[in-house]
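Down below is the structure, laid out as structure tokens.
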Amino acid sequence: MESKPEARLELSEQEMLDYGHRIVDLIAGHHATQRTKNPVAVATRKEMDTLFSEEAPENPTDAHKVLDFVMEQVIPGTNLLSHPKFFSFVPGPSNYISAMADTLATGFNVFSGGWAAAPSAAELEIVTMNWLLKMFGFPQKKGGGIFTSGGSMANLTALVTARNIKCGEDFSKATIYLSDQAHSSNIKAIRVMGFRKEQIRIIPTDMEFKFGINKLKNAINRDRLEGLEPFCILASAGTTNTGTVDPLVEIGEICKKEKLWFHVDGAYGGAAILGKDGKKLLKGIDKADSITVDPHKWFYQPYEMGCLLVRNHRWLSGTFTEKPEYLRDVEGNESEINFFDHGIQLTRRFRALKFYMSIKTFGLKAFREAVQYNIDLAEATDAYLRKSRTWEVVSPATLAIINFRYNPIAKNLSEKELDQLNAKISEQVVNSRQAMLVTTILNGMIVLRMCLINPRTTLKDVTDTIELCESFAD
Ligand SMILES: *Cc1c(COP(=O)(O)O)cnc(C)c1O
């Protein structure tokens, strides 16, 4: 028996080549010319519905026509997070080698779940994980980790592991501590895990947006006196708002003394370890039990790629191993890791490949220089703003993030006027589509925020954008 030719979802070899070459041309062309495009796409649901809404088509359409339509309508409807003037959220600078590596992994549809399915894919995950373990000062043989879809999944995987190791089955009295600047994905993870609101302690930060240590100690003591069971402190190494690194050394000491799990969410900021001052900036991170880093942020990888590192790989296998009968035969040797036993997903794409190929191709030194450049660029932006009579730095350049606001000395504006003015500036910049620059709220003030982790962003890109802001200020 054979399926009908059209039911094989196939193209001829020549058709595949023509189609594939077009796509590579488009991607390479985009990488080469991205700087000349506008980074911002804005559209309403209604506009998008008008363009795209239709029933699933029963009948075929020419492949090139579908691709043309996608290039004309779909791709332009997305923000360019790799654009040098995309300053908001956490940009995704990405790189071409990794984009091609992802294409390769998808083209060969590599199953990166178990050792037996792809020994080389599992091995590359082990090798690249060892690179990361070494960077963060974790033990290489004993330590372990897993690549995930992103930081949210890495944090969830970390906290499930922490709970299993510290609390076992009964977590009804367990409490967890994080600061009011911790990333929202952590609260989401804690809620997904079935903790009640009363088990979550959100500790206020100090004037510099750091975890308040005294308040943290008080909360832990109080909870113990109430008969509760503190099990984990979650620190941020680079809060998304300001780049602030929590006092990791002190938090590590508290965790040691109180026998708590020490998780560091370094989803965006962890990569600073590559810079020349990285060890100093992230002092104490090597004492964590687990670390989240997001290679799809500041390790310049395309989406989706997060990573969880743990001090002891047995914590992962001890938490996530469940063996249905049909997986019995693929267990293999203990040292031959089945990554489906180290995390939540069974079927997994081959994420390690892009990390491996880009680091092999460019060399780690290029990554170190890129990260240091980003830190220096934020410092230069800080210095530029401080020289001006119209700008005020609200939170200084930290791990490539800076927060500032338009506040001309001469005008003496009220807080309310300043909030309105800065919100207006951001709105007009975004509407101009020339740069992506949105606001955040710090100590109740509306401020502009730049996250400068793109190594292709120049100081001129930054100062041109600041001048654009000034043009909208009056
Ligand atoms: C981005 C970020 C996350 C979430 O990571 P995703 O990859 O978006 O899921 C978690 N924590 C911090 C500090 C982040 O900056």
query = With a ≥ b ≥ c the root eigenvalues of the C-alpha gyration tensor of the range 176-323, is it rounded (a/c under 1.5), prolate (a/b larger than b/c) or oblate?
reply = oblate
key: Over the range 103-362 - Rg/Rh using Cα atoms and the Kirkwood inverse-distance radius   = 0.97
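Which three semi-axes in whole Å describe the equivalent ellipsoid of the range 151-222, each the square root of 5 times a Cα gyration tensor eigenvalue, listed largest first?
21, 16, 10
For the full complex of protein chains and a 1.4 angstrom probe, list PHE211, PHE52, PHE108, PHE362 by accessible area with the highest value first.
The residues order as PHE108, PHE362, PHE52, PHE211, largest area first.
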query = For the range 1-118, what number of Lys pairs, 8 or more residues apart or on separate chains, have alpha-carbon atoms under 29 Å from each other?
reply = 6
ask   = Along the charge dipole of the range 103-362, Cβ charges K/R +1 and D/E -1, which of ALA272, MET207, VAL245 sits furthest on the positive end?
value = MET207
task = Tally up the carbon and sulfur contribution to the accessible surface of the range 117-187 as a whole percent, 1.4 Å probe, everything protein left in place.
result = 54 percent
task = Looking at the chain, send over the antiparallel percent of its DSSP beta bridges, to the nearest 5.
result = 55 percent
With eigenvalues of the C-alpha gyration tensor scaled by 5 and rooted, the range 1-87, Å = 31, 20, 9
ask   = For the range 346-385 and the range 93-157, what is the separation of their C-alpha centers, rounded to whole Å?
value = 16 Å
note = Of TYR177, TYR326, ordered by accessible area with the largest first and a 1.4 Å probe, the sequence is TYR326, TYR177
inquiry  = With a 1.4 Å probe and all protein chains kept in place, how do ASP474, ASP62 rank by accessible area, largest first?
reply    = ASP474, ASP62
inquiry  = Tell me the carbon and sulfur percent of the accessible area for the range 365-473, rounded to whole percent, probe radius 1.4 Å.
reply    = 52 percent
message = Students often get this wrong, so check it: of LYS280/LYS354; LYS134/LYS287; LYS188/LYS365; LYS142/LYS279; LYS134/LYS280; LYS166/LYS197, which have C-alpha atoms separated by over 24 Å?
response = LYS280/LYS354; LYS188/LYS365
note = Measure of exposure for CYS167: accessible area at 1.4 Å probe, Å² rounded to 10, is 30 Å²
query = Kirkwood hydrodynamic radius (Cα pairs, Å) of the range 242-361?
reply = 16.4 Å
Around TYR356: net Lys/Arg minus Asp/Glu count, Cβ-Cβ under 11 Å = +1
ask   = Taking the Cα centre of the chain as the origin and placing charges on Cβ (Lys, Arg +1; Asp, Glu -1), which of PRO93, PRO76, GLY145 is farthest toward the positive end of the dipole?
value = GLY145
key: Fully extended contour minus Cα-Cα distance, from ILE23 to GLU379, at 0.36 nm per residue   = 124.3 nm
task = Enter the accessible area per residue of the chain (Å², integer; probe 1.4 Å; all protein chains in place).
result = 50 Å²
message = Can you list the DSSP H helices in the chain whose Cα atoms extend at least 30 Å along the helix axis and whose mean Kyte-Doolittle hydropathy is -1.0 or higher?
response = 364-386
request  = Take the alpha carbon atoms of the range 193-254, find their center, do the same for the range 28-47, and report the distance between the two centers in whole angstrom.
outcome  = 40 Å
message = I want to check the label-to-label distance for GLU470 and LYS279. Put each point 7 Å from Cα in the C-beta direction and report it in nm to one decimal.
response = 4.2 nm
task = Above 40 angstrom, tally the Cα pairs of the chain and express them as a % of all pairs, no decimals.
result = 27 percent
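The values are calculated or read from the model by the stated rules, or taken from the named source; none is laboratory data. Being a predicted model, the structure only gives us computed values, none of them experimental. Neighbour counts are summed over all protein chains in view; Cβ atoms, including those assigned to glycine, are modelled from backbone coordinates with ideal geometry. For accessibility, only protein heavy atoms count, side chains too; no ligands or nucleic acids. Shrake-Rupley method; radii C 1.70, N 1.55, O 1.52, S 1.80 Å.
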